[in-house]
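These notes concern the structure reproduced below.
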Amino acid sequence: MTDTPTYGFDTLQIHAGARPDPATGARQTPIYQTTAYVFRDTDHAAALFNLQEVGYIYSRLTNPTVAVLQERIATLEGGAGAVCCSSGHAAQIMALFPLMGPGLNVVASTRAYGGTITQFSQTIKRFGWSAKFVDFDDESAVAAAIDENTRAIFCESIANPGGYVTDLDAIAKIADAAQLPLIVDNTTATPYLCQPFRHGAALVVHSTTKYLTGNGTVTGGAVVDSGTFDWSATDKFPSLSQPEPAYHGLKFHETFGPLAYTFHGIAIGLRDLGMTMNPQAAHYTLMGIETLSLRMERHVANAKKIANWLETDPRIDKVTYAGLPSSPYAKRAMRICPKGAGALFTVAVKGGYDACVKLVENLNIFSHVANLGDARSLILHPASTTHRQLNEEQQEAAGAGPSVVRISIGIEDADDLIADLDQALTVATA
Ligand SMILES: *Cc1c(COP(=O)(O)O)cnc(C)c1O
């Protein structure tokens with residue numbers, strides 16, 4: 001099937017990027033379990049290495065199974081191209097890599113996944129990069145944080161651990177005015193609920209580990225390029241606009257136009273950082289994406305029902321779900337993610353830290369794991385796990401204080417999930 005933007009999401013999630021295998025006619029995308037690809041002759045090999053011809057050299061760079069997934073994710077996001085990586089965290093480094101350098105910074109939201117806050121506040125310093133964290137609800141603070149060394153703005157569409165939706169349109173305006181790309185982590189929304197490019201984002205990153213794969217089998221990530229950012233408008237992005245010394249002086253933007261960033265990600269990012277997705281992982285994620293819209297509809301329906309039930313329960317202090325009418329982000333959610341505010345939220349339990357721990361330990365259907373976006377319902381106490389490396393102020397800013405649990409609602413029967421929460425809350429608050 002030829003991909004055209006006139007097909008609907010449900011059709012594209014099954015067909016985009018895939019065609020019957022040219023060698024065998026296999027209808028499902030084969031797992032090309034190979035490291036290398038035979039060159040036709042030395043001229044063919046030279047053309048591939050010169051990026052004059054698109055093809056396969058070595059699976060650290062490209063693999064046919066991974067390529068189908070890249071095209072599928074790019075299509076679902078409405079982007080020009082995508083590069084898949086070994087994890088969501090790898091995707092974040094890969095996304096920043098073409099833009100950053102020693103002394104340069106990214107302006108990032110305080111309401112981000114705990115692992116991202118640690119990666120950005122600690123680990124990237126070793127590359128000479130840095131992050132400036134600001135509250136993205138304070139637009140003037142975001143604008144004020146941008147300086148001459150800023151190269152990107154970073155936030156999540158629906159923030160992990162939940163309950164917060166970023167005003168992507170407003171942040172994109174600030175990024176545009178500064179001629180900087182807005183990078184949106186769209187993991188918890190998925191392209192079914194939110195399409196950040198429609199709200200002005202230049203790049204999207206994913207942890208495909210979560211809803212895109214959808215059943216907790218493999219880790220993976222993706223960097224998606226809208227193809228619309230003008231890398232040559234300023235002198236801020238020399239890796240893309242100027243001769244790139246890491247690829248014998250190739251000018252990526254001039255040569256590849258809207259695919260410059262994607263080609264850079266493969267030819268230099270994957271080549272030299274090696275954060276490659278393997279074909280088995282791509283296969284599992286392709287299987288997951290085939291049912292993405294169906295799953296997300298159920299995730300959202302269940303989350304709404306359960307959040308509503310929890311909110312009125314006397315054992316609960318607060319439920320932060322942007323899909324609740326009482327949420328301060330309810331109106332914004334309807335604009336940014338009109339099909340639903342996801343299925344991830346936090347619950348403040350009366351009785352604080354101890355009650356949270358008891359709740360987690362007494363559930364039967366919910367699993368206590370550091371993951372989200374699984375078909376199974378999951379629960380986590382962020383303060384003692386994913387957000388443990390953060391201080392209490394950072395935990396509160398991220399919506400992950402000591403007295404809240406994070407819940408990732410699965411696609412089981414909502415009534416069974418409510419009954420399970422009910423019995424565990426009774427024990428937890430006794
Ligand atoms: C899990 C997650 C990540 C990191 O992804 P990994 O695949 O675990 O490396 C990044 N951002 C968000 C929002 C996540 O939920």
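Bear in mind that the values in this text are calculations on the coordinates, not laboratory data. All values derive from a computational prediction rather than experimental measurement. Here the Cβ positions follow ideal geometry from the backbone for every residue, glycine too, while neighbour counts run over all protein chains shown.
For the range 9-288, just say rounded, prolate or oblate: build the C-alpha gyration tensor, square-root its eigenvalues into a ≥ b ≥ c, call rounded for a/c under 1.5, and beyond that prolate if a/b exceeds b/c, oblate if not.
The shape class here is oblate.
Think of the chain as having a plus end and a minus end, set by charges on the Cβ of Lys, Arg, Asp and Glu; of Gly214, Gly351, Val184, Gly214 sits farthest toward the positive end of this dipole. Close amide H pairs (under 5 Å, H built 1.01 Å from N) link Tyr113 with Asn160, residues at least 5 positions away or on another chain. Think of the range 292-428 as having a plus end and a minus end, set by charges on the Cβ of Lys, Arg, Asp and Glu; of Leu380, Thr312, Leu324, Leu324 sits farthest toward the positive end of this dipole.
For the range 93-185, a crude dipole built from +1 on the beta carbon of Lys and Arg and -1 on the beta carbon of Asp and Glu, taken about the Cα centre, is about 480 debye to the nearest 20. Taking a ≥ b ≥ c as the square roots of the Cα gyration tensor eigenvalues, with a/c under 1.5 meaning rounded and otherwise prolate when a/b beats b/c, else oblate, which class fits the range 154-255? In terms of gyration-tensor shape, oblate. Could you work out the relative contact order of the chain, using alpha carbon pairs under 8 angstrom and six or more residues apart, expressed as a whole percent? Computed value for the chain: 17 percent relative contact order. In the range 390-430, which residues have a backbone nitrogen under 13 Å from the label point lying 7 Å from Asn362's Cα in the Cα-to-Cβ direction? Correct set: 420-430.
Computed across the range 1-117, the Kirkwood hydrodynamic radius from all distinct Cα-Cα pairs reaches 17.1 Å.
In a fully extended conformation the segment linking Ser326 and Arg60 would gain 91.0 nm over its present Cα-Cα distance, using 0.36 nm per residue.
Given 0.36 nm per residue, what is the gain on full extension from Lys173 to Gln389 after removing their alpha carbon distance, in nm?
Result: 74.5 nm gained on full extension.
Each of Asp138 and Val427 was given a label point 7 Å from its Cα along the Cα-to-Cβ line. The distance between the two points is 4.2 nm.
Using a cutoff of 8 angstrom between alpha carbon atoms and counting only pairs six or more residues apart, the relative contact order for the range 89-155 works out to 45 percent. Measure nothing fancy, just the Cα-based angle from helix 414-428's long axis to the longest principal axis of the chain, in degrees from 0 to 90, nearest 10. The answer is roughly 60 degrees.
Mind ranking 102-111, 182-191 by how tightly packed they are, going by the mean number of other C-beta atoms within 10 angstrom, highest first?
Going by the mean number of other Cβ atoms within 10 Å, highest first, we get 182-191, 102-111.
Note on Met334/Val38: beta-carbon distance plugged into 1/(1 + (r/R0)^6) with R0 of 60 Å gives a FRET efficiency of 0.70.
In a simple Cβ point-charge model (Lys, Arg +1; Asp, Glu -1; nothing else charged), the range 9-288 has a dipole of about 700 debye relative to its Cα centre. Here the extension length gained between Asn149 and Arg271 equals 41.3 nm, from 0.36 nm per residue of separation less the Cα-Cα distance. For the pairs Lys305/Lys331; Lys125/Lys173; Lys132/Lys339; Lys132/Lys236; Lys173/Lys331, flag any whose C-alpha to C-alpha distance is greater than 24 Å. The answer is Lys125/Lys173; Lys132/Lys339. Its Cα gyration tensor gives the range 78-117 an equivalent ellipsoid; the semi-axes, largest first and in whole Å, are 19, 15, 11. Against the chain, whose longest principal axis comes from its Cα atoms, helix 292-311 is set at around 30 degrees. Counting only cysteine Cβ atoms and a cutoff under 4.7 Å, the chain contains unmatched residues Cys84, Cys85, Cys155, Cys356. Spin-label model, Ala23/Ala301: points 7 Å from Cα along the beta carbon direction are separated by 4.2 nm. Summarising the label geometry, the points placed 7 Å from Cα in the beta-carbon direction at Glu412 and Lys318 lie 2.8 nm from one another.
With an 8 Å cut-off on Cα pairs and a minimum separation of 6 or more residues, tell me the relative contact order of the range 82-202 in percent.
23 percent
A Förster distance of 51 Å, applied to the separation of the beta-carbon atoms of Ala46 and Ala419, puts the FRET efficiency at 0.20.
Against the main long axis of the alpha-carbon atoms of the chain, helix 279-289 sits at an angle near 50°. Rounded to the nearest 500, the 222 nm mean residue ellipticity of the chain from helices alone is -10000 deg cm²/dmol, with -39,500 (n - 2.57) taken per DSSP H run of at least 4 residues. Between the beta carbons of Glu254 and Arg198, assuming R0 = 41 Å, the FRET efficiency works out to 0.90 to the nearest 0.05.
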